[in-house]
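Below: one structure, written as structure tokens.
The values are calculated or read from the model by the stated rules, or taken from the named source; none is laboratory data. The structure displayed is predicted, hence computed values, not measured ones. Neighbour counts run over all protein chains shown; Cβ positions are idealised from the backbone, glycine included.
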Amino acid sequence: MYDVYKIRQAFPILQKLIDGKPNIYLDSAASAQKPKAVINIMNRILKNEYANVHRGTYALSDKITDKYEKARIIVQKFLNARSAQEIVFTRNATEAINLVAYSWAMENLHQGDEILISEAEHHANLIPWQIVCQKKGCVLRVFKIGDDGAYLPHEFTKSLSDKVKLVAVTAMSNVLGTIFPIKTITAEAHKIGAKVLIDACQAAVHQKIDVQDIDCDFLAFSGHKTYGPTGIGVLYGKSELLKSMPPYQTGGDMVDKVTYQHTTFAEPPSRFEAGTPAIVEAIGLGEALRYMQKIGLENITLHEQELVKYMYEKCREIKDFKHIGSLPNKGGVFSFQVGNIHPQDLAYVLGKEGVAIRIGHHCAEPLVERMGYNSVARASFGLYTTKEDIDAFVKAVAKAQKFFK
Amino acid sequence: MEDINVISENFSLLEDWEDKYQYLIELGEKLPPLADKYKTDEWKVSGCQSQVWLVPDYHDGKLSFEGDSDAIMVKGIIAVIMAIYQNKSAQEIKKIAVEKIFAKLGLQEHLSLSRRNGMMSMVDKIRYYADSFEK
Ligand SMILES: Cc1ncc(COP(=O)(O)O)c(C=O)c1O
């Protein structure tokens with residue numbers, strides 16, 4: 001464990017008053033705040049060290065190329081990938097998943113093949129597969145989860161026929177907090193020869209990810225949720241798979257030899273990084289991952305488990321508080337409904353009290369409907385969240401209840 | 001239907017947001033409920049976090065509206081918007097600086113584009129109706 005109050009000092013925005021009130025930031029699942037280390041390194045590069053990568057023949061370009069490629073190595077170590085060649089920088093997780101949809105699924109799936117996802121997917125891990133199915137005549141299968149948000153092994157295995165060529169699942173639901181057993185899922189899928197893509201957007205923030213241990217074929221996450229900047233995300237892909245895939249976009253920086261009529265493409269990961277990449281952001285992401293590793297992923301998980309326990313306890317004090325996703329061992333994401341207060345009404349009052357939560361369908365509309373709602377409120381935690389944040393949340397909800405009695 | 005000048009005057013007497021919100025809730029409660037037959041996708045204003053419906057009516061060259069929402073606060077805001085736009089010609093509607101009125105009421109955040117509560121979508125829809133009835 002760590003001293004969360006000391007950690008908070010590293011996040012300038014958490015020290016600020018927002019409209020005169022302390023910043024009770026309970027929307028880290030949407031995007032996390034940034035520590036000084038990330039802000040500083042990005043500032044420093046923009047001020048003193050900026051140039052394009054892979055192109056120049058001068059000192060600045062060499063140095064920044066070196067930093068950009070070192071960021072890739074940091075990501076490799078963060079995920080425990082076999083080599084840095086397995087790490088592709090993208091704009092975000094959404095682009096990483098689309099890359100797999102276009103460069104792998106469109107090339108390798110055929111009429112009648114099936115793609116299997118869970119009911120708990122974010123639109124980013126749903127819509128690309130719908131498009132693949134429409135274009136290629138494949139079938140999108142969706143395996144059921146429990147009403148409490150639980151992963152149900154028999155529902156998964158029931159849907160896993162040998163027609164399934166790809167299993168694409170989230171490692172942790174951004175609505176329910178449910179943690180999916182991705183290692184078991186991967187092993188089962190591999191038994192029937194399907195490939196596996198893991199959406200690690202939420203999981204990467206909360207637990208150690210080891211792609212060799214999971215043995216997944218692809219894995220995606222976004223930098224802005226792992227305390228890094230926006231505009232940068234990661235696709236991990238097994239080397240032999242990436243090598244077999246055609247480019248997703250074409251242009252500069254990703255070629256081997258170009259004539260007017262013909263081009264041979266560079267090896268991965270360059271093959272998938274067309275054009276000037278998000279250089280400063282990639283380096284910022286590297287710094288963010290280093291920051292998390294310095295604190296220790298195990299410690300981050302422990303701190304979060306404490307908060308989850310505390311949140312469950314405190315919410316019992318609120319009358320008519322209903323959890324949407326109620327597993328005891330879930331991640332720090334709490335969707336909820338209070339009595340019959342509309343989430344929009346709740347958000348107005350919480351907003352005024354300085355408590356930042358999110359409402360809506362959280363880019364998982366079919367899931368929210370499946371749970372019986374068309375909009376839900378969600379409070380989510382980061383490594384800097386405190387019990388006092390939770391207390392403030394509970395107080396604000398109580399106030400809203402008085403309001404809408 | 002309350003007169004917007006009366007609403008405005010009442011708002012000016014309220015100091016903190018709690019009282020303003022309470023007053024909005026009261027306005028919402030007084031808003032005549034929309035018949036269920038209009039609570040369909042056809043009359044839904046898209047882009048809102050809550051369900052919002054808007055039904056126009058055209059009489060003697062003037063437009064009026066009925067609106068409703070499943071969220072209480074939103075209903076209050078709709079009541080204000082209704083008061084602003086009730087019984088006006090298309091020309092008049094287009095001249096109304098609704099952002100200024102909301103700013104004066106201290107409710108500007110409820111019309112901001114950044115808040116995706118979509119109340120601005122409702123105003124856009126009213127303006128759209130004004131455009132189409134003008135032709
Ligand atoms: C589980 C999950 N998958 C995918 C995404 C998409 O991430 P991004 O918008 O950064 O591409 C998110 C972010 O909201 C998420 O929570």
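Summary of values
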| item | result |
| --- | --- |
| Some residue of the stretch A:296-313 being more than 14 Å from chain B (Cβ to nearest Cβ), at pLDDT 95 or above and part of a loop (DSSP other than H, G, I, E, B) | yes |
| All positions within the stretch A:119-146 that are of a type outside the set (A, V, I, L, M, F, W, C), within 19 Å of residue A:98 (Cβ to Cβ) and touching a residue at least 40 places away in the same chain (Cβ under 8 Å) | A:121, A:122, A:123, A:125 |
| Tally of residues being among the polar types (S, T, N, Q) and touching an Asp or Glu at 6+ places or on another chain (Cβ under 8 Å) across the stretch A:165-222 | 2 |
| Qualifying positions in the stretch B:58-79 - among the hydrophobic types (A, V, I, L, M, F, W, C) and away from chain A (no Cβ under 14 Å) | B:63, B:65, B:79 |
| Selected residue [under 30 Å from residue A:229 (Cα atoms), assigned by TED's automatic domain parsing to the domain that holds residue A:170, at pLDDT 95 or above and surrounded by fewer than 22 Cβ atoms within 10 Å (Cβ to Cβ)] from A:97, A:117, A:127 | A:127 |
| Unique residue being surrounded by fewer than 21 Cβ atoms within 10 Å (Cβ to Cβ), part of a loop (DSSP other than H, G, I, E, B), assigned by TED's automatic domain parsing to the domain that holds residue A:142 and of a type in the set (Ser, Thr, Tyr) when the list is A:57, A:65 | A:57 |
| Matching option when the condition is touching a residue at least 12 places away in the same chain (Cβ under 8 Å), surrounded by fewer than 18 Cβ atoms within 10 Å (Cβ to Cβ) and within 24 Å of residue A:201 (Cβ to Cβ), among A:331, A:284, A:296 | A:296 |
| In the stretch B:27-50, the residues that are within 14 Å of another protein chain (Cβ to nearest Cβ), at negative phi and surrounded by fewer than 18 Cβ atoms within 10 Å (Cβ to Cβ) | B:29, B:39, B:41, B:44, B:46 |
| Output for the stretch B:30-70, where each listed residue is in contact with a helix residue (DSSP H, G or I) (Cβ under 8 Å, 6 or more places away or on another chain) and assigned to a helix (DSSP H, G or I) | B:30 |
| Options A:306, A:353, A:388: the member that is more than 16 Å from the ligand (Cβ to nearest atom) and without any contact (Cβ under 8 Å) to a residue 12 or more places away in the chain | A:388 |
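Table: residues versus (1) within 30 Å of residue A:296 (Cβ to Cβ); (2) in contact with a helix residue (DSSP H, G or I) (Cβ under 6 Å, 6 or more places away or on another chain).
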position: A:19; (1), (2): no, no
position: A:69; (1), (2): yes, no
position: A:86; (1), (2): yes, yes
position: A:96; (1), (2): yes, no
